[in-house]
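To start, the structure itself, in structure tokens.
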Amino acid sequence: MPIDEVIITRKIVERFSKEFIESLDVDVVIAGAGPSSLTAARYLAKAGKRVVIFERRLSPGGGMWGGGMTFPAIVVQEESKHLLEEIGVKLTNEGGGYYTADSVEASAKMIAAAIDAGARLFNAITVEDVMIRDSKVTGVVINWSAVDVAGLHVDPVSVRSKYVIDATGHAAEVCRIVQTKAGKLKTPSGRIEGEKSMWAEVGEKMTVKNTVEVFPNLYVAGMACNAVMGAPRMGPIFGGMLLSGKKVAELILRRKK
Ligand code: 48F
């Protein structure tokens, strides 16, 4: 078969355009593609929701690839291990309720499982703002991450969604934008409370408890929950991230429309 560079270019642009246009008006947009996002996306897409993830970096997976201090292993606890087993991640029982997994295998399988369930994942795109109508979040505003990196003055474009999940990790970037532009969040002080120092046991429990709707139609998942609600970080134990992703999917699936 002859190979033509211009055909290759056309096919890439056509395919991207088709998929991007299909993603402009969806049920759920998730900002960030870490472990909480990928779990939420898998559950939501499996339930038939149209889900789009925008990830700033080239590689989705967030903080999971690096395990603990780049030792490529993660720990999960008994009550969350089914969320990795469901997608075929091999676990080692370390005793006492602790299980370990290869962080690279876990990250790769979580990404594949979310996409296989039907979620669409766009990498190298940053969520830089939200749309708000009648005091409700109605979508996100996005731009190429490269535009940001290069400091180019280029206007972003918009994507409508019924719900937005802030799964941007420690930075809780979407919530910070909403706080700046729309005011009060549903937190004890109405503001972002700020993440607290490492305390794995409390942090893990609080991440799940703090998985809530923080502004009409805006949910938090993963580490962003503790950053917004004011609870400890927990380091390279990932059960709370996975359970938070599952919980946010359940909260959205329970909504009427
Ligand atoms: O931080 P991250 O892995 O999110 P998570 O699901 O998991 C946290 C754990 O990895 C770890 C931890 C566990 O004990 O504390 O930190 O809460 O992934 C967040 C992803 O969001 C991307 C970022 O590049 C990363 O891949 N991201 C951040 N801001 C934006 C974004 C943004 N504005 N737009 C798009 N992506």
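The values are calculated or read from the model by the stated rules, or taken from the named source; none is laboratory data. If you're wondering where the values come from, they're calculated on a predicted model, not measured in any experiment. Backbone-built Cβ (ideal geometry, glycine too); neighbour counts: all protein chains shown. Surface areas here come from the heavy atoms of the whole protein model, side chains and all, with no ligands, DNA or RNA. Shrake-Rupley method; radii C 1.70, N 1.55, O 1.52, S 1.80 Å.
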* Checklist (1) free of Cβ contacts under 8 Å to residues at least 60 places away in the same chain; (2) outside any strand (DSSP E or B); (3) open to solvent by less than 30 Å² (accessible area, probe 1.4 Å); (4) not small (Gly, Ala, Ser) applied to residue 99, failing item -> (2)
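Listed here are the residues, each with its yes/no results for (1) under 30 Å from residue 142 (Cβ atoms); (2) of a type in the set (A, V, I, L, M); (3) within 16 Å of the ligand (Cβ to nearest atom).
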position: 9; (1), (2), (3): yes, no, no
position: 12; (1), (2), (3): yes, yes, no
position: 40; (1), (2), (3): yes, yes, yes
position: 46; (1), (2), (3): yes, no, no
* Among residues belonging to the stretch 117-145 that are of a type outside the set (A, V, I, L, M, F, W, C), away from the ligand (no atom under 15 Å from the Cβ) and in contact (Cβ under 8 Å) with a residue 60 or more places away in the chain, point out the one that is most open to solvent (accessible area, probe 1.4 Å). => 136
* Filter the stretch 22-31 for residues that are open to solvent by 10 Å² or more (accessible area, probe 1.4 Å) and more than 15 Å from residue 118 (Cβ to Cβ); which is nearest to the ligand (Cβ to nearest atom)? -> 24
* How many residues are more than 22 Å from residue 48 (Cα to Cα) and not basic (Lys, Arg) when one looks only at the stretch 223-257? -> 18
* **Only listed residue being under 14 Å from residue 239 (Cα atoms) and in contact with a Leu (Cβ under 8 Å, 6 or more places away or on another chain), chosen from 110, 64** => 110
* Pick from the stretch 45-96 the residues that are among the polar types (S, T, N, Q) and without any contact (Cβ under 8 Å) to a residue 24 or more places away in the chain: which of them is nearest to residue 122 (Cα to Cα)? -> 70
* Structure fact -> Of (1) under 21 Å from residue 40 (Cα atoms); (2) in contact with a strand residue (DSSP E or B) (Cβ under 9 Å, 6 or more places away or on another chain), residue 158 fails just (1)
* **residue 75 being within 11 Å of the ligand (Cβ to nearest atom), in contact with a helix residue (DSSP H, G or I) (Cβ under 9 Å, 6 or more places away or on another chain) and farther than 19 Å from residue 27 by Cα** => yes
* Structure fact -> Across (1) charged (D, E, K, R); (2) within 12 Å of the ligand (Cβ to nearest atom); (3) farther than 19 Å from residue 68 by Cα; (4) surrounded by fewer than 19 Cβ atoms within 10 Å (Cβ to Cβ), residue 166 clears everything bar (4)
